[in-house]
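Step one of this worksheet: look at the structure below.
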Amino acid sequence: MATGTIHEVLDIRQDTCPITFVKTKLKLEQMQAGEVLEVLLTGGEPLQNVPRSVKAEGHRIFKVENLGDNQYRLLIECGISRE
Amino acid sequence: MDTDTLAETLPAGLTPEDLKAGGIIPQRQNDKVVIRCMAPGGRITAARLHKIAEVAEKYGSGEVHLSVRMSPEILYVSLQDYPLVKEELAKVGQEIASCGKRVRVPTACGGCEYNPNGLVDTQGLALEFNRRYFGQDHYHKFKTAFSGCPIDCTRARESDLGFQGQVEPELVAEACSGCELCAEICPERALTMVAGLPVRDVERCLLCGDCLKICPNDALVAGRTGVAVYVGGKHGRHPHVAYPVAELVPEGEIFPVAEAVMAWYRENGRPGERIGLTVDRVGIDRLRRVLKPLIGPHLLQQHHIRRQRWRSVFWAGAADAFPHYGEV
Ligand code: SF4
Ligand code: SF4
Ligand code: SF4
């Protein structure tokens, strides 16, 4: 379970789909199960697609924060460790 | 070549209409025909595709055209080679499609099998529909389309009979963390957070399922799942938007509904009339009455089609043009 520690931060606010969820996926693949990734992204298409693919890949989003100005912050607990 | 000239060149007993039933379409060029291959849902095995390519090189111009409704068409085949072409294609189980006044090969998107948005097995449904009804005669062409979700890539609303996957989200309140993600991403702005929980506006919700796919806690789950049914759409010279007839019809009712709609068309249609025009002439309520015993609770009523969601899927003028849906 996430303890409040953030292990990695990924800012994809300048990226468009599908780079947004490819970057997120690759980042999570480098992390260990239980570690926390913070993702900064914009509303609209990235928000529609990134959380959905993160969930489908077996990770857990445990916090979504609306930062205003069409910006969002996701906290994701990595669900799969790849040895 | 016009059809009269073609008729003169045909072997005795074979009319251009017979030819069309077999998916042979006369070309502009003398004696050349297009052979339309059957590919329900636009899906085809590599072996069949290889064979089609081989036949196109051997008997045609070496080119294939993909028809706007997903059938590979072999171009520039000589009419007298047709029996050989048919035999060649049959070796790998490749059948010939139809044209003319009959049930056409259905189109379908990837649906739930491999498209992330899909909610129903459109490919399986298209195959089965084709197996059951392909080639049946009607007053006019009869085109069917299966779309996996309300995005409607195969244009169910422009088909004589169209189906569109739908799912009704259901909230498991105990599992909800109140993260608001569902409300943020709902493309219809149908979810509002009230006391930390999403509340769905049924007037706006399009039953697309985006919210349950995104919910990180599986607090939104699939409730009733099924298809929206549209009847009477077409494109062509005089495009006609389909009548929305029912929603969340369970998959198991799709073929009974299709049969009832086609039987109704046989009974009420006129030669040369597409089903949409039959509905215009005879009235949507007559068709709704026939469907009531099958899918009564799923039939759309007047208050449904006046909802924002049904208004929003058509341009405003079309929604206003729907006749009054009476009590059936
Ligand atoms: S209709 Fe829906 S499921 Fe089918 S291809 Fe389009 S988005 Fe995908
Ligand atoms: S099913 Fe689609 S339209 Fe309905 S609330 Fe969920 S996201 Fe919005
Ligand atoms: S996305 Fe799920 S957990 Fe978040 S508010 Fe909606 S229903 Fe609740």
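The values are calculated or read from the model by the stated rules, or taken from the named source; none is laboratory data. Fair warning: this is a prediction, and the values are worked out from it, not measured in the lab. Cβ coordinates were reconstructed from backbone atoms using ideal geometry, including for glycine residues, and neighbour counts include every protein chain displayed. Side chains included, ligands, DNA and RNA excluded: accessible areas come from the protein's heavy atoms. Shrake-Rupley method; radii C 1.70, N 1.55, O 1.52, S 1.80 Å.
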Fill in the blank from the handout: Rg from C-alpha atoms of the range B:80-128, normalised by the globular rule of thumb 2.2 N^0.38 Å, equals 1.58
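Roughly how many debye, to the nearest 20, is the charge dipole of chain B about its Cα centre, given +1 on each Lys and Arg Cβ, -1 on each Asp and Glu Cβ, and no other charges?
Numbers: 39 positive and 41 negative charges, 135 e Å.
Once rounded to the nearest 20, the dipole reads 640 debye.
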Problem - 14 Å beta-carbon shell around A:TYR72, net charge (K/R +1, D/E -1) - result: -4
Completion exercise
Carbon/sulfur accessible area of the range A:8-77, % of total, 1.4 Å probe, equals 47
Practice task
Output the Cα-based Rg and Dmax of the range A:8-77 in Å, rounding Rg to one decimal and Dmax to a whole number.
Solution key: 10.8, 32
Completion exercise
Interface buried area A-B, accessible surface with 1.4 Å probe, both sides summed, nearest 100 Å², comes to 1100
Handout entry: Per-residue SASA entry for A:PHE62, accessible area with 1.4 Å probe, Å² rounded to 10
Key = 60
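Please give me, ordered by residue number, the trypsin sites (Lys or Arg not before Pro) of chain A that lie in loop per DSSP and have at most 11 other Cβ atoms within 10 Å. Walk me through the intermediate numbers first.
Details: sites: A:ARG13, A:LYS23, A:LYS25, A:LYS27, A:ARG52, A:LYS55, A:ARG60, A:LYS63, A:ARG73, A:ARG82; in loops: A:ARG13, A:ARG82.
Passing sites in chain A are A:ARG82.
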Problem - Alpha carbon centroid spacing (whole Å) that separates the range A:21-83 from the range B:193-216 - result: 20
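Specify, per residue and in Å³, the volume enclosed by the convex hull of the alpha carbon atoms belonging to the range B:207-271. Don't skip to the answer; put the middle values down first.
Working: hull volume 6.9 nm³, N = 65.
Dividing the Cα hull volume of the range B:207-271 by its residues yields 106 Å³.
With a 1.4 Å probe and every protein chain left in place, work out the accessible area per residue of the range B:125-188 in Å², rounded to a whole number. Please report the intermediate quantities before stating the final value.
Values: 2440 Å² over 64 residues.
For the range B:125-188, the per-residue accessible area is 38 Å².
Students often get this wrong, so check it: of A:LYS55/B:LYS234; A:LYS27/B:LYS213; B:LYS32/B:LYS101; B:LYS143/B:LYS213; A:LYS25/A:LYS63, which have C-alpha atoms separated by over 29 Å?
Details: A:LYS55/B:LYS234 39 Å; A:LYS27/B:LYS213 22 Å; B:LYS32/B:LYS101 22 Å; B:LYS143/B:LYS213 31 Å; A:LYS25/A:LYS63 18 Å.
Too far apart for the 29 Å limit: A:LYS55/B:LYS234; B:LYS143/B:LYS213.
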Practice task
Return one number: the angle in degrees, 0 to 90 and rounded to the nearest 10, between the long axis of the Cα atoms of helix A:45-56 and the longest principal axis of the Cα atoms of chain A.
Solution key: 20
Completion exercise
Cα extents of chain B per principal axis, largest first, Å, are 76, 43, 31
Practice task
Might you work out the accessible area of B:TYR139 for me, using a 1.4 Å probe with all protein chains in place, and round it to the nearest 10 Å²?
Solution key: 70
Problem - Crossing angle, helix A:19-29 versus chain A [Cα axis fit, 0-90 degrees, rounded to tens] - result: 10
Fill in the blank from the handout: Given all pairs of distinct Cα atoms, the protein assembly as shown yields a Kirkwood Rh in Å of 24.1
